[in-house]
Each structure stands twice: as C-alpha cells, then as structure tokens.
Amino acid sequence: MVDYLLKPFSYERFQKAVDKFRLLQIASMTSLVENEYLLLKGDAKNKYYQVKFSDIMYIKGLNNYISVYTKDQHIITYMNLKEIINLIPARLFCRVHRSYIVSFKYVKFIDGNCLFIDEEKIPISESYNVIFYTRLKDFR
C-alpha cells in the first residue's frame, strides 16, 4: 500500500497520493533495471536460478520452453517468450525474431538481417526489423 485516503478528501490530498504512487513506481522501475534478478525454475524439482538482468545475453524460444543464455550458464525453463518478455525490462531487451529476444548490451555487430552475440548468429525477422533498429538507436 502506498497511501490511503479518507472520505471526504480534497483534490490536493488526492494529487499528493497520486504523486507518491508515481514516485514509488519510478523508483521500483529504476531498481528493476539496475540490480534486479529474474528467478527461473531449473530442470530439477526444487532447483531455481537467480539470474541478473544485466547478465542475460539472449533468450531462445523452444515451443513451451525457453533457453536463457548468459556468459556463464545456459538455463532451460518451462516458459514461453510471451511470458518472459513481460518479466524483463523493455529498455534492455528486444524481440528480434519469433524465437529470439536479445540484450542490446551484448550485440557485437549486425550483418544484414543477422546479429551476432558471442559466436551465436541470430536472425532479425522482417516483422521485428523496424522495432529493433528504432530501439537500438534509442539504447545507444
């Protein structure tokens, strides 16, 4: 709970509560991008991985599973790309293909309709092409 209002309340009191909410929302979004983690269920029954957003290089979709690639590990979890895209910060990641989400931070270079992260060649589909290049310019 951010704030509460008791009836009757004035417009100024309402505005103060809204401002408090917005300030808290901005603060939580900033911390989410800078130092938050994503909790992923692993392959074992009670195995979970805590992965820092800044460590994720790219995510590959495998039907109802995804593979999350970092410098140090490769995690497969039961989730699809539509679900994971809502859990990661949009400022840092972009979907470039129906099967790939990439981190702008790790894009080495772009050659035509492919981009390279580490040694992985990732296609950029026509449907995501404009979105990717627009967001890439904003990221830099």
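The values are calculated or read from the model by the stated rules, or taken from the named source; none is laboratory data. If you're wondering where the values come from, they're calculated on a predicted model, not measured in any experiment. Quick reminder, even Gly has a Cβ in these numbers, built from the backbone with ideal geometry, and neighbours come from all protein chains shown. With ligands, DNA and RNA removed, areas are computed over all heavy atoms of the protein, side chains included. Shrake-Rupley method; radii C 1.70, N 1.55, O 1.52, S 1.80 Å.
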Worksheet entry | residue 70 being surrounded by 12 or more Cβ atoms within 10 Å (Cβ to Cβ), modelled with pLDDT of 90 or more and more than 28 Å from residue 109 (Cβ to Cβ) | no
Fill in: Any pair with Cβ under 7 angstrom, 6 or more apart, that starts in the range 36-50 at a residue that is in contact (Cβ under 8 Å) with a residue 40 or more places away in the chain and ends at one that is aliphatic (A, V, I, L, M)
38/51; 38/87; 38/88
Worksheet item: Which of the residues belonging to the range 55-83 are hydrophobic (A, V, I, L, M, F, W, C), closer than 21 Å to residue 115 by Cα and without any contact (Cβ under 8 Å) to a residue 60 or more places away in the chain?
Response: 56, 59, 62, 66, 68, 81
Item to complete: Please specify each residue of the range 107-123 satisfying the condition of being more than 12 Å from residue 58 (Cβ to Cβ), assigned to a loop (DSSP other than H, G, I, E, B) and open to solvent by less than 30 Å² (accessible area, probe 1.4 Å).
Response: none
Worksheet entry | Which numbered condition residue 33 fails, given (1) aliphatic (A, V, I, L, M); (2) farther than 18 Å from residue 105 by Cα; (3) at pLDDT below 85 | (2)
Discussion item. Looking at the structure I just gave you, is residue 104 open to solvent by 80 Å² or more (accessible area, probe 1.4 Å) and under 19 Å from residue 133 (Cα atoms)?
Written reply: no
